[in-house]
Amino acid sequence: MTGERLDRAFGAVIEPDGAIRFRLWAPVLPSVSLRLEDADCSLPMASRGEGWFELVTAEARTGSRYRFELPDGTRVPDPASRRQDCDVHDVSVVVDPAAYRWRHPQWRGRPWHEAVIYELHVGSFSEEGSFAGVASRLPALRDLGITAVELMPIADFPGAWNWGYDGVLPYAPDARYGTPEELKALVDAAHELGLMIFLDVVYNHLGPEGNYLHRYAPQTFTDRHRTPWGSAIDYSRQPVRDFFTGNAVHWIEEYRFDGLRLDAVHAIVDETEPHVLEVIAGSVREAAGPERHLHLILENEDNGARLLDGGLSERADRFDAQWNDDFHHAIHVLLTGETAAYYADFAGRPIALLGRSLAEGFAYQGEVSAHRKKPRGEASAHLPPTAFVDFLQNHDQIGNRGFGERLTVLSDPEALRAMMAILLLAPAIPLLFMGEEHGATEPFLFFVDFDEALCEEVRRGRRREFQRFPGFPGDRPMPDPCAKETLDRSTIDWSKQADPYHAGWLEHCRNLLAVRAQEIVPRLDRPLAAPASFQVEGDLLRVEWMFGGGDRLTLLALLADTGRRGPFAVEGRPIWTSRQVVLYDGALGDMPPWFVGWFLRS
């Protein structure tokens, strides 16, 4: 293994002479065979020591269907399969990574500060539920002002529908969405339009169905640590570190993704040095090379700040940004009044915590969380705004509700429009969830397609989880997470964009993104000249940012159902306001309910 490129260390690899090299780490087995299904033969693999088995053979070729055969006769797919013939239980297929001819190999990406991210689920984003279906709608996203598309996880999962967080074959795009070549065509289509494309990857656990690693490599997991999904991945073992690091490199090098979003890294426990997250970051940046813009995003409930740099440092082992749940939670409490579960941390002072999130990144920077009953977070005010990805909605915050409601059905439209104006013009990196741009009302429900026994466990688990929320389930039956209807209900209805209500939302979003591109983005490519600040006076929030060039950006927002009498001092010209305003001697007059104004002093 020494010196082996990480993206070639696992799986079926085509050698220079055309032979195929197969490799498997199976440390608890005395022997392993390669089963070539098309040739109807089994070939013994040589032991290479330390649990490794290897075979180089000319009997296989591109397109060959194969499995690994264990001593007891069990046949399992390749854990590093690049393509599955059908599902996670079926045969793996040899793939030639050089077969696809890139149409835009010159693409080098875009700087991080230009990112406006659009998160989507491939299976419910379009009627086709495929990579091609996503590609067909990319021009509309580009025209809206989106600059980066983020795919929810696509690693091969069991069944016909899934959010993607139950993947068990992390190197293989799920066959229901398309072939590896069709995924590459999607990436190519994004680059042709000047769009970055990111991939959500899951390195904190593997799914419960189709995970055969326990049969031959149980050392992949450890009971020293637990996750919400079971045993933790054991990153103290080098083959395990290499497997997942190699997977990250695989997506960047072979598929030319512009970046990765790493799911729930608070559930990744690694007691070795350097931490596996730093290893992954450094490895993928090295694979991309200095000529490409490569962006890395974390999800971390612990509000860790030490790995973040906002894309402005030279350290290869750092991450550009982290999803900022605090921003979302403060706004959600303001819009809905909900204070159950983790929203309890924002009860009573959502405006102040929103102000801190806008100015300093995290609202919780070491203070005790009432929900978690322990300190949460690290100091973040020193980080640039671009170290945070803010959102009003995402797959978790919609889909992890019992009925998958969007804010369009939970909150007042005027108030929600005001919050959209805060999200899209604040200096942090904004993220929209699919359909949000036109005020979609379809729910985004949790859905999986497991066998019936596992489905019943999921149903019971969902019911237990939502008992802590007042009024659940009420008079409505809980949507069945294993029913095809649940996926269908979550699929975006694009015809609604012709409706005046939804067309109005779309125009609102487009106008805000145009202002962002013209006024905000050009000022984000350097650190702030001074720390941002915020003030709260009742329902009135004021936040100020001083950019590196000396320009001052001010947000003035009245987050209430009732107006307030002026005047309100403000500096600079209005670049966007929710109501037409007139400034007299540097002051704003009476302020209507849910007023949002952005002012820039150059």
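Coordinate-derived values only; no laboratory data. A quick note: this is a predicted structure, and the numbers were derived from the prediction, not measured. We place every Cβ from the backbone using ideal geometry, glycine too, and count neighbours over all the protein chains shown.
Starting from the Cα gyration tensor of region 205-357, take the square roots of the eigenvalues, sort them a ≥ b ≥ c, and report rounded, prolate or oblate (rounded when a/c is under 1.5, otherwise prolate if a/b is larger than b/c, else oblate). Since a/c reaches 1.5 but b/c is at least a/b, the shape of region 205-357 is classed as oblate.
Taking the DSSP beta bridges with both ends in the chain, the antiparallel portion is around 70 percent. Quick one: Debye curve from the C-alpha atoms of the chain, no solvent, what's log10 I(q)/I(0) at q = 0.08, 0.12 Å⁻¹? Per q value, in the given order, log10 I(q)/I(0) is -0.57, -1.25. Sequence-distant contacts, meaning Cα pairs under 8 Å at least 6 residues apart, place the relative contact order of region 147-261 at 27 percent. Taking a Cβ cut-off of under 15 Å around R67, the surrounding Lys, Arg, Asp and Glu residues balance to a net charge of -4, with basic ones at +1 and acidic ones at -1.
With the contact rule set at Cα under 8 Å and sequence spacing of 6 or more, what percent relative contact order holds for region 300-387?
Details: 143 pairs, mean separation 29.6, N = 88.
Averaging sequence separation for qualifying contacts and normalising by length gives 34 percent for region 300-387.
Neighbours of Y177, meaning other residues whose beta-carbon lies under 11 angstrom from its beta-carbon, give a summed charge of -3 when Lys and Arg score +1 and Asp and Glu score -1.
For region 521-602, the Kirkwood hydrodynamic radius comes to 13.2 Å, computed from all pairs of different C-alpha atoms.
Peptides 291-300, 509-518, 366-375, 151-160, ordered by how many other C-beta atoms sit within 10 Å of their residues on average, highest first, read 151-160, 291-300, 509-518, 366-375.
Among beta bridges from DSSP that stay inside region 106-221, the antiparallel ones total about 20%. Relative protection proxy for 116-125, 130-139, from highest mean packing down: 116-125, 130-139 (other beta-carbon atoms within 10 angstrom).
Taking the charge dipole of region 384-477 about its Cα centre, with +1 at Lys and Arg Cβ atoms and -1 at Asp and Glu Cβ atoms, the residue from N394, G435, P477 reaching farthest to the positive side is P477. A dipole drawn for the chain from +1 and -1 charges on Cβ atoms has a positive end, and of P170, L410, A532 the residue lying farthest that way is A532. If a spin label sat at a point 7 angstrom from the Cα of E127 along the line to its beta carbon, the backbone N atoms of region 479-515 nearer than 20 Å would be those of 484-500, 502-503.
Only helices enter the 222 nm calculation for the chain: every DSSP H run of n ≥ 4 contributes -39,500 (n - 2.57), and dividing by all residues gives -7000 deg cm²/dmol, rounded to 500. Here is the size of region 199-258 from its Cα atoms: Rg then Dmax, 12.6, 36 Å. Could you compute the FRET efficiency for T62 and A569, with r as their C-beta to C-beta distance and R0 at 60 Å, rounded to 0.05? Efficiency computed from Cβ-Cβ geometry: 0.30. With equal scatterers on the alpha carbons only and no solvent term, can you work out the Debye log10 of I(q)/I(0) for region 300-387 at 0.14, 0.15, 0.24, 0.26 1/Å? Debye curve over Cα of region 300-387, log10 I(q)/I(0) at q = 0.14, 0.15, 0.24, 0.26 Å⁻¹: -0.47, -0.53, -1.15, -1.29.
The residues packed around A148, meaning those with a beta-carbon under 10 Å from its beta-carbon, carry a net charge of -3 if Lys and Arg are +1 and Asp and Glu are -1. Note that region 6-93, at 4 °C in a medium of 1.567 mPa s, gets a Stokes-Einstein diffusion coefficient of 100 µm²/s from its Kirkwood radius over C-alpha pairs.
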